[in-house]
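Q: First the structure, then my questions, so here it is.
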Amino acid sequence: MKKDEALNLLCLIEAVYPLIIIKSETVTRWLTLCELLDYNGVMAKLHGHIQKMPYPPRLYDIAIFNNAEGGCHDLMHTWTEESEFEAQIVPWQKEYFIRNQ
């Protein structure tokens with residue numbers, strides 16, 4: 001996936017879920033990983049998520065890697081652990097802000 005494709009994907013998520021704003025850390029992670037991700041696979045998984053879920057996806061939920069290297073999944077697992085908060089929140093809220101209304 002190219003960086004412009006990753007940004008288009010993030011714009012699509014914000015368009016479909018208008019009550020959220022993507023956090024800058026989330027954008028940075030997408031741009032860091034974009035070359036390892038399969039654009040068509042991620043887009044297909046995103047469309048499936050949109051049809052089933054009323055909340056936005058986490059990167060981990062829709063990531064499809066170009067190759068099956070375990071290192072990518074380890075990296076994402078580390079990021080998930082690093083973003084754990086002490087307060088009880090819904091997992092997707094670690095990657096998005098709720099837009100003020």
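Q: Do the conditions hold for Leu59, that is, is it modelled with pLDDT under 90 and surrounded by 15 or more Cβ atoms within 10 Å (Cβ to Cβ)?
A: yes
Q: Can you tell me how many residues in the stretch 62-90 are out of contact with any Asp or Glu (no Cβ under 6 Å at 6 or more places or on another chain) and modelled with pLDDT of 75 or more?
A: Qualifying residue count for the region: 3.
Q: Let me ask something else about it. Note down all Cβ pairs under 6 Å where the first residue falls in the stretch 28-52 and is farther than 10 Å from Glu5 by Cβ, the second is in a helix (DSSP H, G or I) and of a type outside the set (A, V, I, L, M, F, W, C), and they're at least six residues apart or on different chains.
A: Leu31/Lys3
Q: Find the residue count for the stretch 1-27, including only residues that are of a type in the set (Val, Ile, Thr) and either part of a helix (DSSP H, G or I) or without any contact (Cβ under 8 Å) to a residue 24 or more places away in the chain (or both).
A: The qualifying residues number 4.
The values are calculated or read from the model by the stated rules, or taken from the named source; none is laboratory data. Predicted, not measured: the structure shown is a model, and the values here were computed from it. Note: ideal-geometry Cβ built from the backbone for every residue, glycine included; neighbour counts use all protein chains shown.
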